[in-house]
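The values are calculated or read from the model by the stated rules, or taken from the named source; none is laboratory data. All values reported here derive from a predicted model rather than from experimental measurement. No Cβ is skipped: glycine too gets one built from the backbone with ideal geometry, and neighbour counts run over all protein chains shown. All accessible areas refer to the heavy atoms of the entire protein, side chains included, with ligands and DNA or RNA removed. Shrake-Rupley method; radii C 1.70, N 1.55, O 1.52, S 1.80 Å.
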Amino acid sequence: MTGPRSVTVRVPATTANLGAGYDCLGLALALHNEVALALAPESSVEVEGEGADSLPRDGTHMVLRAARRAAEAAGESLPPLALRQVNRIPLARGLGSSSAAIVGGVIGANELLGLALSERTMLDVATEVEGHPDNVAPAMLGGLTVCCTVGDEVLVQRLAVAEGLSCVVAIPDFEVATHRARRVLPETVDHADAVFNLSRAGLTVAALVSGSFDLLREAMRDRLHQPYRAHLVPGMEEAIEAALKAGARSAALSGSGPTVAAFVTGGGEEVGAAMVNAFRRAGTAARAQELPLSAEGARVVS
Ligand code: HSE
C-alpha cells in the first residue's frame, strides 16, 4: 500500500529533563522544523537554516536513518527519497534538534509510504534511533510527557501544562554533543541524591499540571546530572541563579545542554537578559529567546 507522493511534517523543539526528571520528563516548545519527504528516482538531501553547512547530504542524515527504521519496522525497505529540511532548532544545544529530525523521519515515512505504524510503534522506533525517549516523546505528542522505558518499549503519558507558563532559553554559541554530556555522568549515585531527584521529578509534574508554579523553583533542582555537566557549560550555574533572581519560576539545563531553560509567568525579556549577562560574565556568548510551550506535537501539514 502506498500513500501520497510527498509529505511535510512540522516538528517542535523540546526541552528535556526539566532539572530533576533526568531522561523521563520533556516539554514541547513553539519553535519548529519542517521535514519534507518525497518519492524520487534517487535520494537527495537539501537543508535550509540551522545545520545547512554541516549536516550530511546522504543516507546517514538522521531523517533518512529514522525513515529507514520506520520502513523496516513495517517489514518494508526504504525507497529513494528526496528530503528537504527547514531547520529553526539550533543543533546540539539541548533543544531536541536530533529528535525533531528523527520524529520527522518516522512520521514522514509512515505517511508517505502508508506504513500504518501505530503511534506507539513510531515512538519506540524513534526512541531506538535517538537512544532515550525524553525528547522524542514531546516532539511527537506535544505538551508535557512523562516516560519510562521497559526493555525496548517506551511507556509514555502526555499531560497538558496549566495555562500561563512560558519558556525563555539562553542558547550558548557552542555545541555540546549529548553522548559527550552523558559520558561525564557517574556510573552510580548516592541514594540520598536519587531520593532528592525522584521526589522533585514528581513534584515538577504536579506543579506543571496543576498550575502551582511556585513549587517549580525547588522541584526543578537536580543532583543527578547538572552538577556533573557544569564544567561543559561555563556559566550554567550562574545563568540559572540569574534567571531565578530576575523572577523566573525555575531554571534548569535544557536536555544535556548547553542551553539553559527558564520558566516564567511574565518578565521573559528581563530573565533572558539576566541569563545572557551571567553567561557573558563567565566568558560564554549566548542569545536569549522566549519560546511559548507547545500543546501540539509533530503534525503532517501537507
Ligand atoms: N535526557 C538526556 C540527557 C537528553 O540529559 O542526557 C535528552 O534526551
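Observations on the model:
- Matching entry among Leu123, Leu112 (being more than 16 Å from the ligand (Cβ to nearest atom) and modelled with pLDDT of 95 or more): Leu112
- Among the residues of segment 148-178, those identified as under 15 Å from Leu95 (Cα atoms) and either loosely packed, with under 14 Cβ neighbours inside 10 Å or not polar (S, T, N, Q) (or both) are Cys167, Val168, Val169, Ala170, Ile171, Pro172, Asp173, Phe174, Glu175, Val176, Ala177.
- Asn135 meets the conditions (1) out of contact with any helix residue (DSSP H, G or I) (no Cβ under 6 Å at 6 or more places or on another chain); (2) assigned to a helix (DSSP H, G or I); (3) within 16 Å of the ligand (Cβ to nearest atom) in every case but one. The failed one is (1).
- Any strands (runs of 3 or more DSSP E) falling wholly within segment 1-102 and containing at least 1 residues that are open to solvent by 30 Å² or more (accessible area, probe 1.4 Å) and of a type in the set (Lys, Arg): 6-16, 81-87
- Of the helices (runs of 4 or more DSSP H) lying entirely inside segment 172-285, those containing at least 3 residues that are among the hydroxyl-bearing types (Ser, Thr, Tyr) and not assigned by TED's automatic domain parsing to the domain that holds Asp134 span 191-210.
- Given (1) under 21 Å from Leu253 (Cβ atoms); (2) at pLDDT 95 or above, number of the condition His132 does not satisfy: (2)
- Any hit, segment 165-182, residues being within 15 Å of the ligand (Cβ to nearest atom) and more than 29 Å from Asn277 (Cα to Cα): no
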